[in-house]
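Contents: one structure, followed by commentary.
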Amino acid sequence: MKRTVLFSFIVAALLAAPVFVALELARPGLSSTPGAQSLPGGLSAAQVAGLGQVIQQYLLENPEVLITSLNSYQSKQRVAEKQRQQQAVLENRTALANDPDAPVLGNPKGDVVVVEFFDYNCPYCRRVAGMLRTVVAEDGNVRLVMKEFPILGPQSVIAARAALAAARQDKYEAFHRALMEGPGDLSETRLNRVARDIGMDLDLMGIDMNLPEVNTMLRRNRELGATLSIRGTPAFVIGDTLIPGAIDKATLKRLIAQARDKSS
């Protein structure tokens, strides 16, 4: 009962004056002058100092209060971030689904759009690549938009450039699949070998990798990722839902079905 009363008193006090002021004035070596000008909330410096000592002692004896408060704050922050991301997805539908320069796999006229932000150097992207391809093929009505998002080092950038160069030779799908479903080696030797194996012109690939259009595409993807607060790969946008991180087959199929139901 006493603890409840004390807690109620502290809550009321917190509403009346800034906590940091109380704690600062309660620090050893700091004192207040009686009769000094009142602080916010109508409390004098001496009262605030006393309040700070009460708060400090209570928190030392009940650290779970801080943990509960922190958990609540983090939960509210996550909800707010999710809402902000959701709004960003809605505001950037065209950039996500209809960028004319973004490679598209699956059914170009599919009724559900799945957008993937990925990095060829990302083990989680490679882990879901085969599953993603299978689900899109089995569904037959998914438009898969590929967002090259090289954030894991220089090799990632070179691989992304090579993939976009492959797209200019109508070899994107084969190139992408070879990198995603093969070993993680992204050396120049392997990129050239993959390109040669799928029938690409290597000289043309070297030129296309450094075209202004390729630079622009990568920059747009980076900016879009920043707008959506995408900080890692893979990340998916399915319908109007942003899903950070790798997902399993059942979850992917469920999200596609939900997006299809919403659009019908």
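The set of residues in the range 133-176 being aromatic (Phe, Trp, Tyr) and more than 23 Å from ILE207 (Cβ to Cβ) consists of PHE149 alone. Remark: pairs (first residue in the range 225-247, closer than 19 Å to ALA129 by Cβ and assigned by TED's automatic domain parsing to the domain that holds ALA129; second residue assigned to a loop (DSSP other than H, G, I, E, B) and of a type in the set (Asp, Glu); Cβ separation under 7 Å; 6+ apart in sequence or on different chains) = THR233/ASP119.
A count restricted to the range 225-245 and to residues that are closer than 23 Å to LEU164 by Cα and either buried (at least 20 other Cβ atoms within 10 Å of the Cβ) or among the charged types (D, E, K, R) (or both) stands at 9.
Hey, any hits in the range 202-214 for a residue that's within 27 Å of the chain's Cα centre (by Cα), within 16 Å of PHE118 (Cβ to Cβ) and buried (at least 16 other Cβ atoms within 10 Å of the Cβ)? No. Looking only at the range 63-120, filter to residues that are in a loop (DSSP other than H, G, I, E, B) and surrounded by fewer than 16 Cβ atoms within 10 Å (Cβ to Cβ); which one of those is modelled with the lowest pLDDT? So, considering only residues that are in a loop (DSSP other than H, G, I, E, B) and surrounded by fewer than 16 Cβ atoms within 10 Å (Cβ to Cβ), the one modelled with the lowest pLDDT is PRO63. Residue by residue through the range 121-139, note down the ones that are polar (S, T, N, Q) and either in a strand (DSSP E or B) or crowded, with 20+ Cβ neighbours inside 10 Å (or both). ASN121 - this is the single residue of the range 121-139 that is polar (S, T, N, Q) and either in a strand (DSSP E or B) or crowded, with 20+ Cβ neighbours inside 10 Å (or both). Collect the residues in the range 246-259 that are among the β-branched types (Val, Ile, Thr) and surrounded by 16 or more Cβ atoms within 10 Å (Cβ to Cβ), keeping them in residue-number order. Once the filter is applied, which keeps residues that are among the β-branched types (Val, Ile, Thr) and surrounded by 16 or more Cβ atoms within 10 Å (Cβ to Cβ), the range 246-259 yields ILE247, ILE256.
The values are calculated or read from the model by the stated rules, or taken from the named source; none is laboratory data. Note that the structure is a prediction, hence the values are computed from the model and not measured. Here the Cβ is made from the backbone with ideal geometry for all residues, glycine too, and neighbour counts use every protein chain on show.
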